[in-house]
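Novice: Supplied in structure tokens, the structure appears directly below.
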Amino acid sequence: MIYLDYQATTPLAPEAREAMLPWLGGPGEAGLGNPHSPHRLGRSAKAAVEHARDQVAALLPDGGRVVFTGSACEAINLAMRGVPGEGPVAHSAIEHPAVRDTARALGACYELPVNAEGLTDPAMPLAPGTRLVAVMQVNNEIGTIQPSARWHAAARGAGALFLSDAVQAFGKLPVAEADLIAVSAHKLYGPKGIGALWVRDGVQLAPQITGGLQEGIRSGTLSPALCAGFGAAAQLARERMAADAAHVETLWLRARELFAGWQLNGSASERWQGNLNLRRDGLDVARLMSDCPQVMFSAGSACASGSGAPSHVLRAIGLSDRQAKNSIRLGFGRYTTVDEIEEAAAMLNAAADAQ
């Protein structure tokens, strides 16, 4: 198996797995405590949660707090639904469905267009009364890196809050300033089932899950094991950020050579290089997947897989429905080798040539 779907999920780092084991909580084990209980085992579990919170916060801006959630999707919903006011929500045309669908559910919303490379323009005017602007830092389908700092300034100038979906950026490059930042553990070599929302000091959100409010604005018992895994993955990403980026650049350059006959979707320069979205005229992607079962890759976002609809991201950058359906996404990272890239390229190119 050659795994090239790092945008969908990353392998669990051995260090994160090891950090989780003491907190799985079997009978009689020291890690079985509920972190919200006042007794000794509960206090021990809470200390593990708070240590993980500090590890996650170290990758985020100063002047805010980390609220653990069950996923980045929940974090985005908490941010978007919890922001006060009744003005419209602005979001880029290439946002993840967690943002797009939530904005539509809230009612008043509008899209910020992108150019052919998938880049937004922070100089474009915002509608009067806009209360929230949502622009993801790194796109999950085409890897485009947006000018997040400029969007934060533009939103502030318009009296709006700025939400950054930093899921694909977190742990890979510095997270840009924002008022609200959503992140996920399983996209930086941590466990599935936990995310976080960073909330700038002074920003007030209405809780969306009522109950114990264990996280202040979010209810639900936290898993010390998931928190510990998230924290360990975040610390490792912080320590390895430069080395991981250099490794990914090596993989990107080799992959670009091997797929020289394919068209690149999105920007070649303003991009996270662990994302390679390509198209080839006439390509039958379903057949390619069937012919290359050893290679794990994607035809788009994992959250939209199986829908049969052309990617809204690829359509937003000007591709036709046919071109969008002729596209594949290859994702690689820390544990990918050059040999795997070369072997996968040989299989994919041979299968594509045979169509």
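The values are calculated or read from the model by the stated rules, or taken from the named source; none is laboratory data. This is a predicted model, so every value here is computed, not measured. Please note: Cβ atoms are built from the backbone with ideal geometry, for glycine as well, and neighbour counts cover all protein chains shown. Just so you know, the surface numbers come from the protein's heavy atoms only, side chains and all, with ligands and any DNA or RNA stripped out. Shrake-Rupley method; radii C 1.70, N 1.55, O 1.52, S 1.80 Å.
Novice: As an exercise: evaluate Ala243 against (1) surrounded by 18 or more Cβ atoms within 10 Å (Cβ to Cβ); (2) closer than 21 Å to Gly171 by Cα and give the number of the one condition it does not meet.
Specialist: Of (1) surrounded by 18 or more Cβ atoms within 10 Å (Cβ to Cβ); (2) closer than 21 Å to Gly171 by Cα, only one is false for Ala243: (1).
Novice: It is to be established whether one or more residues within the range 150-166 are under 18 Å from Glu270 (Cβ atoms), assigned to a loop (DSSP other than H, G, I, E, B), of a type outside the set (Asp, Glu) and modelled with pLDDT of 95 or more.
Specialist: Yes; the residues of the range 150-166 include at least one that is under 18 Å from Glu270 (Cβ atoms), assigned to a loop (DSSP other than H, G, I, E, B), of a type outside the set (Asp, Glu) and modelled with pLDDT of 95 or more.
Novice: Among all residue pairs at least 6 apart or on different chains, which show Cβ distances below 9 Å where the first residue, located in the range 2-21, is closer than 21 Å to Leu276 by Cα and the second is open to solvent by 30 Å² or more (accessible area, probe 1.4 Å) and modelled with pLDDT under 95?
Specialist: Note: pairs meeting the criteria are Asp5/Ala302; Gln7/Ala302; Ala8/Ala302; Ala8/Cys303; Ala8/Ser305; Thr9/Ala302.
Novice: Okay, next question. Kindly state which strands (runs of 3 or more DSSP E) lie completely within the range 76-148 and contain at least 1 residues that are free of Cβ contacts under 8 Å to residues at least 24 places away in the same chain.
Specialist: The qualifying strands (runs of 3 or more DSSP E) are 109-112.
Novice: Now for a different question. Can you find a residue in the range 278-291 that is touching a residue at least 60 places away in the same chain (Cβ under 8 Å) and within 21 Å of the chain's Cα centre (by Cα)?
Specialist: No, because not a single residue in the range 278-291 is touching a residue at least 60 places away in the same chain (Cβ under 8 Å) and within 21 Å of the chain's Cα centre (by Cα).
Novice: Moving on to the next point. Given the criteria farther than 20 Å from Gln168 by Cα, touching a strand residue (DSSP E or B) at 6+ places or on another chain (Cβ under 7 Å) and surrounded by 14 or more Cβ atoms within 10 Å (Cβ to Cβ), does Phe259 qualify?
Specialist: Yes, satisfied.
Novice: Still on this model: Of (1) open to solvent by 30 Å² or more (accessible area, probe 1.4 Å); (2) without any contact (Cβ under 8 Å) to a residue 40 or more places away in the chain, Gly193 satisfies all except one. Which?
Specialist: If we test Gly193 against (1) open to solvent by 30 Å² or more (accessible area, probe 1.4 Å); (2) without any contact (Cβ under 8 Å) to a residue 40 or more places away in the chain, just (2) comes out false.
Novice: Give just the number: which of (1) touching a residue at least 40 places away in the same chain (Cβ under 8 Å); (2) farther than 20 Å from Ser219 by Cα does Val66 not satisfy?
Specialist: (2)
Novice: I'd like to verify a number: residues in the range 18-41 that are part of a helix (DSSP H, G or I) and surrounded by fewer than 16 Cβ atoms within 10 Å (Cβ to Cβ), how many?
Specialist: The qualifying residues number 5.
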